[in-house]
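Working notes, structure below.
The values are calculated or read from the model by the stated rules, or taken from the named source; none is laboratory data. Quick caveat: nothing in here was measured; it's all calculated off a predicted structure. For neighbour counting, all protein chains shown are included, and Cβ atoms are generated from backbone atoms with ideal geometry for every residue, glycine included. The accessibility values were calculated without ligands, DNA or RNA, using every heavy atom of the protein model including side chains. Shrake-Rupley method; radii C 1.70, N 1.55, O 1.52, S 1.80 Å.
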Amino acid sequence: MEDALIVDLYWDRDERAISETQIKYERYLTKIAMNVLSDREDSLEAVNDTYLHAWNSMPPHRPEILSTFLGKITRRVSIDSLRKKTAVKRGGSEYEVSLQELSENGIEPGTMQENESEYQDMGRYISEYLRTLPEDMRNVFISRYFHFDPLKDICKNFGFSESKVKSILFRVRNGLKDHLKKAGYEL
Amino acid sequence: MNAKDLMDAMNYIDDDLIEACDKVRMKGAKPKKKAVVQSLVPVFAAAATIVVVGAIAVMLATKSDEGARKHSSFDRRDEDRSKAEMYYDGAAYISRNTPGSGDVTSEMEFIDGVECQDEEENNAAGQTEVTEAPVNEDPAQAPAETSAGGEEIPETLLINGKTYALVIVEDDLIVTGEEITEYTTDHIFNGAVLYEYQGEDCDMVIYIPSADSFYYLIPSAE
C-alpha cells in the first residue's frame with residue numbers, strides 16, 4: 001500500500017493502518033531497533049511501541065516520508081529503552097559502540113540536554129553539514145549514526161572496505177565537530 | 001554538548017537525507033558491482049562455448065588424423081612392397097611391379113627428371129608407380145661411361161644435327177621396330193645400330209655392341 005494511503009488510515013483512525021505499517025515496515029524498523037538494543041524481544045517491543053507512537057502522532061502529524069518518520073520513532077524508543085537498561089548493566093550494542101567512536105573525536109559522553117528544540121537546531125546544523133559531503137560519505141555516516149548499522153553491513157551495502165568506511169567516519173566526525181563548533185556548540 | 005546529545009540530535013536530521021541513505025541500504029551491494037557480475041555471465045558463456053567448439057574440433061581433427069594415418073599406412077605398405085623390388089643403378093631408380101601380383105605391370109625410369117616408358121609399358125594399362133630418385137643436376141658433369149671394349153660412351157650424341165641424351169636401358173629390350181639406317185652420328189661405334197622406338201619421351205634407341213647395351217636417345221633441350 002502507498003505511504004499516503006497508510007497515513008490516511010491513521011488519520012481515519014482505521015486500525016488497518018497498524019497492520020499495513022507492520023506489513024510494509026516491520027523489517028526496516030526491527031533492524032534499527034536490533035542495532036540499538038541487540039536483543040530480539042526488546043526490539044520487537046520497541047517496534048510495537050513505534051506503532052503506538054505513530055497512532056498517537058497521526059493526527060496531527062502528516063509525515064511526507066512515512067519510513068523516516070517511523071524510523072525516527074523506533075530509534076528514539078530504542079535508545080530510551082537502552083538507556084533504561086544500561087542504568088542496570090552495560091551491553092555491547094552498536095549504539096554504545098557509536099558513542100565510544102564519537103568520544104574518540106573529543107565528543108565525550110555526558111548529560112543530555114533537556115530542551116528538545118535544541119536537538120532540533122542541532123539536527124538542522126548536522127543536516128546542513130551532511131549536505132556539503134559527497135553522497136557516499138554522507139550515506140555512510142547516516143547509516144552508522146542514524147541506523148547504527150554494523151561496519152560489516154556498511155561495507156556490504158556500499159561496497160567499501162572496512163578501512164575505507166572507518167576512514168570516512170573519522171573524517172566526517174571531525175568535520176562535523178568543527179562545523180558545530182563554528183555554530184557555537186561547545187564540544 | 002556530548003556524544004549522547006549528538007546521537008539524539010541525529011534523530012532530527014532531514015528526512016530526505018535518511019531516505020536517500022535507505023535507498024542505498026535497501027539495494028545492498030552497489031549496482032556497479034552487480035553490473036560487473038552480470039557482464040561476466042555472457043563472457044563465461046562465450047568462453048564455455050569456445051571450449052566446447054574447440055574440443056569438438058580437436059576430436060574431429062584427431063579422428064581425421066587417425067583416418068589419414070590408416071591411409072598412409074596402407075600407402076606405406078604398398079611403397080615398401082615396391083621398394084623391395086627396386087634397385088639403384090647409380091643414375092636412376094627403376095621400380096617394377098611384380099608380374100602376376102595383380103598390379104598393372106609397368107616399368108618406369110626417372111633419369112635427370114626425364115621419364116621413359118618402353119613399348120611393353122605402353123602396351124600395358126598405362127598405370128605407373130612413381131618413386132623419387134636422386135637427380136643429377138648437370139649431365140655434363142657426370143662421368144662418361146666406358147664400354148667393356150674400352151670405348152668411351154658419351155652422354156650426348158649429335159644425330160642428324162640434333163642432340164640426344166643417352167640413357168642406358170637396364171632391361172632386355174626386344175627390338176620390334178625397323179633399323180634406322182639413314183641417320184648419321186658424330187660418333188662412330190663399331191656395330192652400333194639405331195632403332196625406332198615408340199616411347200613417351202624418346203623415339204629412338206641405339207645399340208652399342210662394345211657395351212652390349214641399348215641406350216634410349218632422348219632429345220635434349222639444347
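Give me the Kirkwood hydrodynamic radius of the stretch A:95-182 in Å, from all C-alpha pairs, to one decimal place?
On the way: mean 1/r = 0.0732 Å⁻¹.
Value: 13.7 Å, from the Cα pair sum.
Tell me the GluC sites (Glu not before Pro) within the stretch A:128-187 that lie in a loop according to DSSP and have at most 15 other beta-carbon atoms within 10 Å. Numbers along the way, then the final one.
Details: sites: A:E128, A:E135, A:E162, A:E186; in loops: A:E186.
For GluC sites (Glu not before Pro) across the stretch A:128-187 that sit outside H, G, I, E and B with at most 15 neighbouring Cβ atoms in 10 Å, the list reads A:E186.
Counting only other residues whose beta carbon sits under 13 Å from that of A:S43, what net charge do I get with K and R as +1, D and E as -1?
Numbers: positive: A:R27, A:K31, A:R40, A:R75, A:K85; negative: A:E26, A:D39, A:E41, A:D42, A:E45, A:D49, A:E94.
It works out to a net charge of -2.
Does any residue of the stretch A:71-87 lose at least 20 Å² of accessible area with all protein chains in place compared with its chain alone, and if so which ones (probe 1.4 Å)?
A:K72, A:R75, A:R76, A:R83
Just going by the charge dipole of chain A, with Lys and Arg at +1 and Asp and Glu at -1 on Cβ, which of A:L70, A:Q120, A:W55 is farthest out on the positive end?
Farthest towards the positive end: A:Q120.
Could you compute how fast chain A diffuses translationally, taking Rh as the Kirkwood radius over C-alpha pairs and applying Stokes-Einstein at 4 °C with viscosity 1.567 mPa s? Give it in µm² per second.
Answer, rounded: 73 µm²/s.
In chain A, once you exclude exposed trypsin sites (Lys or Arg not before Pro) (DSSP loop, at most 13 other Cβ within 10 angstrom), what's the longest stretch remaining? Before the final figure, lay out the partial values.
Details: sites that count: A:R13, A:K89, A:R90, A:R131.
With trypsin sites (Lys or Arg not before Pro) excluded where exposed in loops, chain A gives A:14-88 as its longest stretch.
In chain A, what percent of the accessible surface is made up of carbon and sulfur (1.4 Å probe, ligands and nucleic acids excluded)?
On the way: 4600 of 9590 Å².
Ligands and nucleic acids excluded, carbon and sulfur give 48 percent.
With a probe of 1.4 Å, find how much accessible area chain A has per residue, and write the answer as a whole number in Å².
Working: 9590 Å² over 187 residues.
Per-residue value: 51 Å².
Here are some pairs, A:K84/A:K156; A:K164/B:K23; A:K152/A:K177; A:K72/A:K166; A:K84/A:K164; A:K31/A:K182; which of them have Cα atoms lying more than 29 Å apart in this structure? If you can, show how the numbers build up before the last one.
Numbers: A:K84/A:K156 32 Å; A:K164/B:K23 21 Å; A:K152/A:K177 25 Å; A:K72/A:K166 24 Å; A:K84/A:K164 34 Å; A:K31/A:K182 34 Å.
Table pairs above 29 Å Cα-Cα are A:K84/A:K156; A:K84/A:K164; A:K31/A:K182.
Kindly provide the helix-only [θ] at 222 nm of chain A, computed as the sum of -39,500 (n - 2.57) over DSSP H runs of four or more divided by all residues, to the nearest 500 deg cm²/dmol? Working shown, then result.
On the way: 9 runs with 136 residues, N = 187.
Mean residue ellipticity, 222 nm, calculated: -24000 deg cm²/dmol.
Nearest 100 Å² is fine: what is the total accessible surface buried where chains B and A meet, probe 1.4 Å?
Working: alone 15730 and 11350 Å², together 23240 Å².
Approximately 3800 Å², summed over both chains.
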